[in-house]
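Asks: Got a structure here, written out as structure tokens. Questions coming.
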Amino acid sequence: MTSLKVLLLSRYGRLGASSRVRSYQYVPYLRDLGVDVTPAPLLGDHYIECLYDGGHQNGVRIGAAYCRRLWQLVTCSRFDLLWIESELLPWMPAWLERLLGRLGMPYVVDYDDAVFHRYDLHSHAWVRAFLGGKIDQVMRRARLVTVGSDYLRDRARRAGATRVEYLPTAVDLTRYHVPSDGAGATYTIGWIGSPLTASSLDVARSALAEVCANGNARVTLVGAGQFTLDSLPIDVRSWSETTEVAELQRFDVGIMPLRDGPWEQGKCGYKVIQYMACGRPVVASPVGANEQIVEHGRDGLLASTSAEWADALRALRDRSLRARMGAAGRAKVEREYSVQVTAPRLASLLRAAAQPCTT
């Protein structure tokens, strides 16, 4: 099989969650399938570290990153296909994507967030006017648009994309294992994310306080930074790629609360999939891909109101219920949400996108 040479133009390196999950974890699997991927991130790990620490971004460093991206495009002719995460240059018009089309350089663009809402719902009218339709243009010119949710798929179709394919966010089953049941006396409700997404926990704040009021339950937050839940005692753990699975395995239940807004509608349920991969039942807001992933009452529970959140978390104190739902969730991940399943399909999609147009 002839090797397909692909230039991966990601937004971040491996430290960026979307880049790591939607592209970087696939690189070794794609190589075995005859797709040779060369990663070329726009922004390095220093940018992510600074972002999570709440620091100011260095304008000179960002400018250098944009210049580096331009050079990557100047020298991209040795590749068969470009694999773009969302857009080539954030906060700039789609000039480069338009140029690629005129030069006949095929590209695939991937979305696991509603990045178009950064522009079309921006508070400043000039941003909406200047960039509101940018992502639609990027989608329309792509050979293929891959998306992680129905909401993103529908937007790509409305934008006039030639081909749109649903590619769910997935986990690598060589990393995710179901531990033996070592649950202790304290019922542990867990969440994983970043300081930028921790505010979503406000949705379940009162329910968590209610369920933990007697001291027989606790909340563990992985990667939340300095986030607090009022007077509720929480165990805040640092995130790292090497320890995240072990942290998840310590949960009894995993949660993914979300506000019901346009940005959240584009979410692709990665937390839910991580919890399920570890054999843990989930409680999630019925927003975005969560409704696609969670089968209420079988592998998890969906909760909209504070009362529903509290009822769901109380119900999952039952170890037998947790075991049954956790097993169902793990089986679902093995069938639908693992790179072992999605990598061969991704390789096939990339090969098809690199073929010359026949019309």
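The values are calculated or read from the model by the stated rules, or taken from the named source; none is laboratory data. Being a predicted model, the structure only gives us computed values, none of them experimental. Positions of Cβ are backbone-derived with ideal geometry, glycine not excepted, and every protein chain shown enters the neighbour counts. Quick note on the areas: whole protein, heavy atoms, side chains included, nothing else; ligands and nucleic acids left out. Shrake-Rupley method; radii C 1.70, N 1.55, O 1.52, S 1.80 Å.
Asks: Would you mind telling me the share, in percent, of accessible area of the range 214-359 contributed by carbon and sulfur at probe 1.4 angstrom?
Replies: Working: 3060 of 6240 Å².
Roughly 49 percent of what the probe reaches on the range 214-359 is carbon or sulfur.
Asks: Accessible area of C357, 1.4 Å probe, to the nearest 10 Å²?
Replies: Its accessible surface works out to 90 Å², give or take rounding.
Asks: Percent antiparallel among DSSP beta bridges with both residues in the chain, to the nearest 5?
Replies: Details: 0 of 40 bridges.
If I count the DSSP bridges inside the chain, around 0 percent turn out antiparallel.
Asks: Show that you can apply the helix-only estimate: for the chain, add -39,500 (n - 2.57) for every DSSP H stretch of four or more residues, divide by all residues, and state [θ] at 222 nm to the nearest 500. Intermediate values should be presented prior to the final figure.
Replies: Numbers: 17 runs with 147 residues, N = 359.
After summing the helix terms and dividing by the residues of the chain, the value is -11500 deg cm²/dmol.
Asks: May I ask for log10 I(q)/I(0) of the range 1-45 at q = 0.15, 0.21, 0.32 Å⁻¹, from a Debye sum over the Cα atoms as equal point scatterers with solvent left out?
Replies: The Debye formula, applied to the Cα set alone, gives -0.35, -0.63, -1.11.
Asks: Quote the accessible area belonging to Y166 in square angstrom, nearest 10, computed with a 1.4 Å probe and with ligands, DNA and RNA left uncounted.
Replies: The accessible area comes out at roughly 70 Å².
Asks: When ranked by the protection proxy of mean other Cβ atoms within 10 Å per residue, highest first, what sequence do the peptides 190-196, 92-98, 273-279 form?
Replies: Details: 190-196: 20.4, 92-98: 16.9, 273-279: 26.4.
Ranking, from highest mean packing down: 273-279, 190-196, 92-98.
Asks: Please compute the length gained on full extension between S240 and L321, using 0.36 nm multiplied by the number of residues separating them and subtracting their Cα-Cα distance. List each step's numbers first, then the result.
Replies: On the way: separation 81, 0.36 × 81 = 29.16 nm, distance 3.00 nm.
Additional length available on full extension: 26.2 nm.
Asks: Probe of 1.4 angstrom, ligands and nucleic acids ignored: what's the accessible area per residue over the range 191-271, in square angstrom? Please list the in-between numbers first.
Replies: Values: 3470 Å² over 81 residues.
Averaged over the residues of the range 191-271, the accessible area is 43 Å².
Asks: Another question, if that's okay. Please give the solvent-accessible surface of E291 in Å², to the nearest 10, using a probe radius of 1.4 Å with every protein chain present.
Replies: Only protein atoms counted, so the area is about 110 Å².
Asks: Can you give the three extents of the C-alpha atoms in the range 221-359 along their principal axes, from longest to shortest, in whole Å?
Replies: 62, 34, 32
Asks: Now for a different question. I need the fraction of alpha carbon pairs in the range 198-252 separated by more than 15 Å, rounded to a whole percent. Mind dumping the intermediate values first?
Replies: On the way: 724 of 1485 pairs.
Percent of Cα pairs beyond 15 Å in the range 198-252: 49.
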